[in-house]
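Enquirer: Dropping a structure here in structure tokens format, bear with me for questions.
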Amino acid sequence: MKLTLKFLAAGLLLVGCGSSNQKTANKAPVDPTVYGNSITSNELKEMLYTYASDEFEGRETGEPGQKKAVEYLKNKYIQMGIPSPLKGDDYFQEVPLEKQKAADVNISINGATMENYKDFLILGSANSQELNITDVVYVGYGIDADNYSDYKDLDVTGKIVLAKAGEPKDAEGNFVTSGTTEDTKWSAGRSSLSSKSNAAKDNGAKALIFINDEMMGQYGPYFQRIAAAGTAGRISLKSNETPMIFMMANTNFAKAIYPEIMDSQEVKTITTSLTGSIKSQSEPVESENVVAFIKGTEKPDEIIVISAHLDHEGIKDGQVYNGADDDGSGTVAILEIAQAFKAAADNGDGPKRSILFLHVTGEEKGLLGSRHYSDNDPIFPLKNTVADLNIDMIGRTDPKREGDRNYVYLIGSDKLSTELHNISEEVNKKYTNIVLDYTYNDENDPNRFYYRSDHYNFAKNNIPVIFYFNGTHDDYHKPSDTPDKIQYDLLENRTRLVFYTAWEIANRDARIIVDKAESK
């Protein structure tokens with residue numbers, strides 16, 4: 001992406017556009033196409049053929065291929081002369097991950113020994129610790145909904161809570177939270193696990209013992225086989241806070257604590273003696289986000305984040321999952337956008353607000369790198385973050401749109417800020433003329449893409465977002481997602497759209513208004 005002085009001189013004579021109104025006393029408004037036109041399919045292609053090559057081994061989180069990827073990105077920013085927001089030449093934000101393995105646990109209740117995987121099971125991560133519990137708070141079904149709460153007027157901060165499966169019904173046989181006979185997030189399935197766990201955590205509990213015979217019969221033998229094989233499980237993010245212990249148990253375990261549990265709905269504190277120990281067997285995983293930064297000229301404390309995930313699926317059964325579209329396309333797009341902003345800054349046209357280029361790890365493992373940034377270690381205060389423009393797969397086309405290539409799916413643009421949505425529409429009409437498809441922005445989208453890429457960790461903190469996405473295709477999460485299948489003319493134009501949108505947000509006089517924020 002090389003801008004000649006002749007090219008810049010000619011471009012600066014053009015009439016400025018948009019509402020950015022970036023002026024100095026003796027200077028005409030800047031035309032961003034001077035810099036946006038430097039984003040080219042040839043340069044995107046050259047970088048992607050390297051980044052999504054077999055040499056990078058599919059960029060599996062914490063594996064050698066991912067290390068090659070982060071070094072590649074770091075060197076690109078150094079070559080472009082774009083600094084890190086961290087100290088010196090450190091472009092890596094360390095992300096503390098661990099590969100979960102079943103903990104070594106032993107528990108006795110009032111002198112009776114409980115059997116791991118049969119009577120109880122630790123779900124998720126838990127720190128090594130000795131157990132000497134004398135009080136457990138029984139919270140019935142452990143529900144905390146707007147119209148029904150087992151936690152009402154109850155302080156369980158730092159305590160062990162005991163809840164049973166299911167949800168109470170009214171006299172007509174309807175679930176109390178919904179008023180219908182259809183299962184709710186509290187009554188059945190995996191959603192009840194997360195719902196009741198979140199309720200206990202949100203109310204400050206130290207641990208939740210969740211009684212569910214049916215799930216214990218399913219999960220217990222499965223996790224026992226994994227533990228016997230010595231196999232490590234999924235990768236998770238270590239929190240700055242001590243994780244809440246989430247224990248699933250059967251009726252035998254529950255009755256050892258409270259014999260009347262299955263017949264009682266009365267919330268009460270139970271005196272008991274639960275002793276034993278938890279010894280974590282999880283293995284640390286070293287991984288990192290890559291960050292680079294252009295400081296704003298007028299409002300440097302206001303930050304616009306442009307994000308994409310740097311990881312992919314690695315090597316499976318000897319085949320490299322190159323991840324050219326997912327998310328090599330977003331990764332190289334950020335590099336081109338960064339270079340365009342750097343050229344502007346070098347020419348005295350730097351953005352009014354600061355730009356953080358954020359390449360996150362662990363997206364394929366559960367949005368872990370972006371969650372670390374938002375939940376554990378935001379480099380810049382989230383209250384100062386104006387917006388996140390997230391790019392995840394913009395190099396291909398959705399088979400559903402065959403014959404209609406000039407589009408991109410936008411997700412989230414109107415969820416928190418009407419103004420951001422309007423800016424996005426106006427910028428597109430002025431510069432790129434792409435069909436903006438909001439199919440997956442629908443609240444009822446069964447794919448739930450709004451919750452499945454890194455922008456969500458910003459959105460959940462009431463930071464306006466736009467997720468740029470071309471949809472899935474036959475090569476999605478397969479070794480056949482290779483750079484030769486990328487449609488580079490589309491990648492070029494979509495990348496320019498993100499650049500122009502970021503340019504407008506960065507250079508407008510007022511910060512965009514968040515008019516749809518959810519109360520925290």
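The values are calculated or read from the model by the stated rules, or taken from the named source; none is laboratory data. Fair warning: this is a prediction, and the values are worked out from it, not measured in the lab. Neighbour counts are summed over all protein chains in view; Cβ atoms, including those assigned to glycine, are modelled from backbone coordinates with ideal geometry. Ligands, DNA and RNA are excluded from the accessible area calculation, which covers all protein heavy atoms including side chains. Shrake-Rupley method; radii C 1.70, N 1.55, O 1.52, S 1.80 Å.
Enquirer: Take the Cα atoms of segment 423-492, build their convex hull, and give its volume per residue in Å³. If you can, show how the numbers build up before the last one.
Expert: Working: hull volume 8.8 nm³, N = 70.
In segment 423-492, the Cα convex hull volume per residue is 125 Å³.
Enquirer: Given H placed 1.01 Å from N in the peptide plane, which residues other than close sequence neighbours of THR482 have an amide H under 5 Å from its amide H?
Expert: ALA324
Enquirer: Which ³J(HN,Hα) values in Hz, rounded to whole numbers, follow from the phi angles of segment 84-100 under the Karplus curve 6.51 cos²θ - 1.76 cosθ + 1.60, where θ = phi - 60° and Gly and Pro get x?
Expert: Couplings: 8, x, 8, 7, x, 9, 8, 9, 10, 8, 5, 10, x, 10, 8, 8, 6 Hz.
Enquirer: Provide the net charge surrounding VAL290, with neighbours chosen by a C-beta distance below 10 Å and charges set as Lys +1, Arg +1, Asp -1, Glu -1.
Expert: 0
Enquirer: Quick check for me: using +1 on Lys/Arg Cβ and -1 on Asp/Glu Cβ, what's the dipole size of segment 294-419 about its Cα centre, in debye to the nearest 20?
Expert: That gives segment 294-419 a dipole magnitude of about 240 debye.
Enquirer: Something else now. Taking the Cα centre of the chain as origin and charging only Cβ (+1 Lys, Arg; -1 Asp, Glu), how large is the dipole, in debye to the nearest 20? Display every interim value, and only then the final one.
Expert: Working: 56 positive and 78 negative charges, 216 e Å.
With Lys and Arg at +1 and Asp and Glu at -1, about 1040 debye.
Enquirer: Using only Cα atoms, tell me the angle between helix 64-80 and the longest principal axis of the chain; keep it within 0 to 90° and round to the nearest 10.
Expert: 30
Enquirer: Determine how large the accessible area of SER236 is when every protein chain is in place; take a 1.4 Å probe and give Å² rounded to the nearest 10.
Expert: 10
Enquirer: A further question on this structure: At 0.890 mPa s and 25 °C, plugging the Kirkwood radius over alpha-carbon pairs of segment 148-295 into Stokes-Einstein gives what diffusion coefficient in µm²/s?
Expert: Answer, rounded: 136 µm²/s.
Enquirer: Give me the Å³ per residue figure for the convex hull around the C-alpha atoms of the chain.
Expert: Working: hull volume 83.7 nm³, N = 520.
Measuring per residue, one finds 161 Å³ for the Cα hull of the chain.
Enquirer: Mean residue ellipticity at 222 nm from the helices of the chain, using -39,500 (n - 2.57) per DSSP H segment of n ≥ 4 over the full residue count, to the nearest 500 deg cm²/dmol?
Expert: Result for the chain, helices only: -8000 deg cm²/dmol.
Enquirer: How long are the semi-axes of the equivalent ellipsoid of segment 339-479, taking √(5λ) for every eigenvalue λ of the Cα gyration tensor, in whole Å from largest down?
Expert: On the way: eigenvalues 119, 86, 51 Å².
Output for segment 339-479: semi-axes of 24, 21, 16 Å.
Enquirer: Let me ask something else about it. Please quote Rg/Rh for segment 317-368 to two decimal places, taking the Kirkwood radius as Rh and restricting both calculations to Cα atoms.
Expert: On the way: Rg = 15.3 Å, Rh = 13.3 Å.
Rg/Rh for segment 317-368 comes to 1.15.
Enquirer: With charges set only on the Cβ (+1 for Lys and Arg, -1 for Asp and Glu), what does the dipole of segment 154-201 come to about its Cα centre, in debye to the nearest 20?
Expert: 340
Enquirer: From the P(r) of segment 151-199, can you give the percent of Cα pairs sitting at distances over 17 Å? Write out the running numbers ahead of the final one.
Expert: Details: 496 of 1176 pairs.
Here the long-distance tail beyond 17 Å is 42 percent of all Cα pairs in segment 151-199.
Enquirer: Here's a follow-up. Take the alpha-carbon centre of segment 317-378, take the same for segment 208-251, and report the distance between them in whole Å.
Expert: 33
Enquirer: By how many degrees, between 0 and 90 and to the nearest 10, does the Cα long axis of helix 41-51 differ from the longest principal axis of the chain?
Expert: The helix 41-51 is inclined about 40 degrees to the chain.
Enquirer: Please report the Cα spread of segment 172-232 along all three principal axes, rounded to whole Å, starting with the longest.
Expert: Each principal axis gives a Cα extent; for segment 172-232 these are 48, 27, 16 Å.
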